[in-house]
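Reading through the structure tokens given below for one structure.
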């Protein structure tokens, strides 16, 4: 058969794995233990194969087959052949046939990678490298974030990378610094029997379920085509444009990569490096079975954020780029929130923890489990719609429905749920470490009690933006808490609080108190604790010292009177937050914080968190207030 392609046997250059466009053709490298391998070429849109080009046996080094092929590859697609079996390129950068989400058409043939790629102008873009202590993470699903009709995104663009960019103004207004995106790579969303991991190499008939989350074996070098907008879909260009736009607006992007454990360590390393170099992502959340030690110690990644559940047996080095994805924070803080016994030591640990060697990512809710709204609305999971007789998903949710299971019109129950959500936000954002919220949790997103919505590509998983209007008060509270945290560095110190007066200012950086000042009580039945933050250990953006704060936690179902620690003479205690004050929305903006009439002790209502701020008291407006103030001074 005559062919328009020829192998250049004189090209001895080193190339990366997969396909690399070169002058006059393309170089391909493929890993296989087979005895004969070939490159298969197809004209774009054609079912018939155009060319079969055998790898020369002498081009094989170990299990890597390589060759340079000269010819015209425009509008061409390719696969590899391994001992007679056609397989996709594991290093392919874009695949055809998966442009439509949930389609089964591509199951009839092997996925074909697209040859070539248009150059992209990054305009000098580079990763932002926001320190962990200054980061606010916002976790999204690339499809579910904007797929709902209420998202405000034009119909054809919903559920795409382009639509995520449309939400940048909202995310900036909320105050987040870093977007964490669930797996955006090419994976098989059609779940196949006996291959519940959705393997792209399975051949069985589909089950009718979709893998919505994307935690499955995937093609780790290609952005998912179904998450791309437009007629002529180019997911590579659209994803790069998203990253560049985020960076221009001061937002980072950390993406998830899932490894099922079958990948060679070198393949995983190549994939992580690729997304950092080719797509300028700011970090990678490593999920599944990644070679953590190899990735953690890789010099190319030493300034890239890397998240994982644990980093045991890893040399952390001098760069604080690794972070622990802290499931323990959610478990312990939920238990404290609902009033479980024996949680004060956990409260101390979780609010303080921020190791010098690595970051710690804190959250009250995540993909696998209840949303924050469901955390205060359901005692048990409700996963019946998953079709597994409610056997799937965890039974350990550390949740409390506030008296009624699921939706209710009872005003007292609804008020308690809103209060608990505000308590949860304060628990999260007043803790050291890096806070993360799931998209939509800031305005009461619900999954109707489903804590394992892996197969729910519908309104259970999609964010209903209509709740933003219905729960505007909760969103405003969250927005203010984020701004408050950013404004006050004592809540996000560069190093973990030492609980010592290491600057000889008369107070430790952080101290713990019971209902009596300086007398913490940690008996298992206690549910009350005060935390005192000395402002001299925090420096604001303008170089001035931070304020003094006292945070009173009372998760008991009864009110308790807290004694307040003394402030420097020129300062008085004011109210910054009180989750029991429903009329004020639970917070008081700068300049409006009420001065306490009693500077010695305060009654903290049941299941409430109150934050006191030390400020200079304004001059009293009348003689009565002046005399009252003078009396208080004498008493002190």
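The values are calculated or read from the model by the stated rules, or taken from the named source; none is laboratory data. Fair warning: this is a prediction, and the values are worked out from it, not measured in the lab. A quick note on method: Cβ atoms are made from the backbone with ideal geometry, for glycine too, and the neighbour counts reach across all protein chains shown.
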message = With the structure loaded, tell me whether residue 597 is within 23 Å of residue 475 (Cα to Cα) and either surrounded by fewer than 19 Cβ atoms within 10 Å (Cβ to Cβ) or touching a strand residue (DSSP E or B) at 6+ places or on another chain (Cβ under 6 Å) (or both) or whether it fails that test.
response = no
From the option list 397, 390, single residue qualifying as in contact with a helix residue (DSSP H, G or I) (Cβ under 8 Å, 6 or more places away or on another chain) and free of Cβ contacts under 8 Å to residues at least 12 places away in the same chain is 390
Residue 349 fails exactly one of (1) under 23 Å from the mean Cα position of the chain (by Cα); (2) buried (at least 18 other Cβ atoms within 10 Å of the Cβ); (3) part of a helix (DSSP H, G or I), namely (2)
Taking the range 41-63 and keeping only residues that are part of a strand (DSSP E or B), in contact (Cβ under 8 Å) with a residue 12 or more places away in the chain and exposed (fewer than 13 other Cβ atoms within 10 Å of the Cβ), one is left with 52
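Okay, residues lined up against (1) closer than 21 Å to residue 277 by Cα; (2) at pLDDT 95 or above; (3) part of a loop (DSSP other than H, G, I, E, B):
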| position | (1), (2), (3) |
| --- | --- |
| 113 | yes, yes, no |
| 118 | yes, no, yes |
| 122 | yes, yes, yes |
| 127 | yes, no, yes |
| 138 | no, yes, no |
| 145 | no, yes, yes |
| 150 | no, yes, no |
| 156 | no, no, no |
Considering residues that are in contact with a helix residue (DSSP H, G or I) (Cβ under 9 Å, 6 or more places away or on another chain) and closer than 23 Å to residue 416 by Cβ, the number found within the range 523-566 is 7
Screening 263, 232, 341 for residues that are more than 22 Å from the chain's Cα centre (by Cα), assigned to a loop (DSSP other than H, G, I, E, B) and within 30 Å of residue 416 (Cα to Cα) leaves only 341
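Considering 138, 132, which residue is in contact (Cβ under 8 Å) with a residue 60 or more places away in the chain, under 17 Å from residue 284 (Cβ atoms), out of contact with any helix residue (DSSP H, G or I) (no Cβ under 7 Å at 6 or more places or on another chain) and surrounded by 13 or more Cβ atoms within 10 Å (Cβ to Cβ)?
Values: 138 fails: out of contact with any helix residue (DSSP H, G or I) (no Cβ under 7 Å at 6 or more places or on another chain).
Matching residue, one of 138, 132: 132.
Per-residue answers, yes or no, for (1) at pLDDT 95 or above; (2) within 14 Å of residue 79 (Cα to Cα); (3) surrounded by fewer than 11 Cβ atoms within 10 Å (Cβ to Cβ):
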site	(1), (2), (3)
2	no, no, yes
31	yes, yes, no
36	yes, no, no
39	yes, yes, no
